[in-house]
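**Q** Here you go, one structure.
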Amino acid sequence: MTSKPTLGVGMVGYAFMGQAHSQAWRTVNAAFDLPYAVDMAAIAGRSEDKVKAAAEKFGWRSYETDWRALVERDDIGLVDVCSPGGNHAEVAIAALAAGKHVLCEKPLANTVEEAREMVKAAEAAAQNGVRSMVGFNYRRVPAAAFARQLVLDGKLGAIRHVRAVYLQDWITDPEFPLVWRLKKEEAGSGALGDIASHIVDLTQFVTGQTITGVSGLTETFVKERPLVASTEGLRGTGSSERGEVTVDDAALFIARLSGGAVATYEATRFATGRRNGLRIELNGEKGSLVFDLERLNELELYLSDDDAGTQGFRRILVTEPEHPYMSAWWPAGHIIGWEHSFTHEAYDLVTAIAAGTDPAPTFADGLQVQQVLDAVERSAESGSGWIPTTDNS
Ligand code: SOE
């Protein structure tokens, strides 16, 4: 048996995304033949009781109550930032300065300015072989990665339309409390940064094109909510006091892409009955495809040159060893789940670190998404004007 070098991972944050990332770090060694043995060295959070319980439950070897202590530890080579957006920049920049590779949850930052600082720090650290990546996990769903292969292979021809929605309903109840995701100073924006960022990244990834301009609108349906009494994951209970909601509940925009496609995007947390509905449809000159997260092991594909009479959308089960990531899992035809996208993210990052290459999406890619979100906000504020996104520095 050859012994591999160890890569110590330290994670900041232990809520919903912390739990999802922990699951990934727990399984990645066993699923893939990695160049490193990943060691779940430590998890950081402010409340000692909670972070201790999280460390035990999620499988971390130790815990810290100050993320600064975690970033300085010699047994940690990679810092995974799963805290609210408001401290992504501070933690990631400190970690990069300490020579640690960084995985940062999406969206990269709360503002374009913060994202720029993070890109600067990442580029400086890269001179010393330190790598950084943004956690847009849906790229790593095998069906989404396979969709990109089909598009880049030219199966659909030139892409004319991109239609993307990310629909949730977890805050439709006006009595749902004012959790951090509903506060601008902690989350940056609402549905826009939290979930529109995913469909911006995913559509750009699948098409290989970037958004060049947008026109958008945002809405906050419920303007005040009870202050938080307690939270767990995405759930929470409210107190008798109320506070102002300072982010959007829904964000919609149209866009142009660099390869000539036109696009529509809709992100909301008020789509009653839609728990976590991410769907993209592409129409190209030679065919169309659909990716729907609720059926994440499948792709729908239509090819115009199929025989007349049997033409139609076919369902491809993306569970074969030939499909991206799938050979690591079960025999052909055995499905996987949402959480595997995070394991694939961990695998891609660790592999890139060992290879000495920049893992995608880079912090620069995260900044570009941030610029799109910022342009949507500015367009919405100005009353639906067209805002180019290629240069809004
Ligand atoms: C809440 O909207 C959330 O947890 C997002 O923050 C995640 O990025 C998304 O994958 C699931 O929903």
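**Q** Just in the stretch 207-268: which trypsin sites (Lys or Arg not before Pro) are loop by DSSP and have at most 15 other Cβ atoms within 10 Å?
**A** Lys223
**Q** If the cut-off is 29 Å between C-alpha atoms, which lysines fall inside it for Lys57, apart from same-chain ones fewer than 8 positions away?
**A** List returned: Lys4, Lys100, Lys106, Lys183.
**Q** Same structure again: Check cross-link reach from Lys223 to the aspartates and glutamates: straight Cα distance under 15 Å, and skip same-chain residues fewer than eight apart.
**A** Answer for Lys223, where 15 Å is the Cα cut-off: Asp173, Glu175, Glu241, Glu244, Asp248, Asp249, listed by chain and number.
**Q** Something else about it: Note the per residue figure in Å³ for the convex hull of the C-alpha positions in the stretch 121-237.
**A** Taking only Cα atoms, the stretch 121-237 has a hull volume of 182 Å³ per residue.
**Q** Quick check: the distance between the Cα centres of the stretch 291-326 and the stretch 101-172, to the nearest angstrom?
**A** The stretch 291-326 and the stretch 101-172 have Cα centres separated by 23 Å.
**Q** Right, something else. Using only Cα atoms, locate the centre of the stretch 6-54 and the centre of the stretch 340-373, then give the distance between them in Å, rounded to an integer.
**A** 17
**Q** With the chain treated as a Gaussian network of Cα nodes joined by springs under 10 Å, which of His334, His198, His88 yields the largest mean-square fluctuation?
**A** Most flexible of the set in this elastic network: His334.
**Q** Determine how many Å³ per residue the convex hull of the Cα atoms of the stretch 290-348 encloses.
**A** For the stretch 290-348, the hull spanned by Cα atoms encloses 103 Å³ per residue.
**Q** Moving to a separate point now. DSSP loop (so not H, G, I, E, B), at most 15 other Cβ within 10 Å: list which trypsin sites (Lys or Arg not before Pro) in the stretch 136-203 pass both filters.
**A** Lys155
**Q** Right, next: Would you look at the GNM of the chain, springs on alpha carbons closer than 10 Å, and say which of Asp249, Asp306, Asp292 moves the most?
**A** Fluctuation is largest for Asp306.
**Q** Order the peptides 33-44, 321-332, 363-374 from the highest to the lowest mean number of other Cβ atoms within 10 Å of their residues.
**A** Descending mean neighbour count gives 363-374, 33-44, 321-332.
**Q** Let me ask you something else. Return a whole-number percent for the relative contact order of the stretch 125-270, with Cα pairs under 8 Å and 6 or more residues apart as the contact set.
**A** It comes to 32 percent, rounded to a whole number.
**Q** Using helices alone, what [θ] at 222 nm do you get for the chain, with -39,500 (n - 2.57) per DSSP H run of 4 or more residues, divided over all residues and rounded to the nearest 500? Present the calculation step by step, with values, prior to reporting the outcome.
**A** Working: 10 runs with 120 residues, N = 393.
Using -39500 (n - 2.57) per qualifying helix, the result is -9500 deg cm²/dmol.
**Q** Return one quarter of the surface area of the convex hull spanned by the alpha-carbon atoms of the chain, equal to its mean projected area, in nm².
**A** With every direction weighted equally, the projected area is 20.2 nm².
**Q** Also, I was wondering about something else. Among Leu108, Leu282, Gly188, flag the residue with its Cα farthest along the positive direction of the charge dipole of the chain, charges on Cβ as +1 for Lys/Arg and -1 for Asp/Glu.
**A** Leu282
A short reminder: the numbers here are calculations on the coordinates, not readings from a lab. Predicted model only: the values in this text are computed from it and were never measured. Every residue, glycine among them, receives a Cβ derived from its backbone with ideal geometry; neighbour counts consider all protein chains shown.
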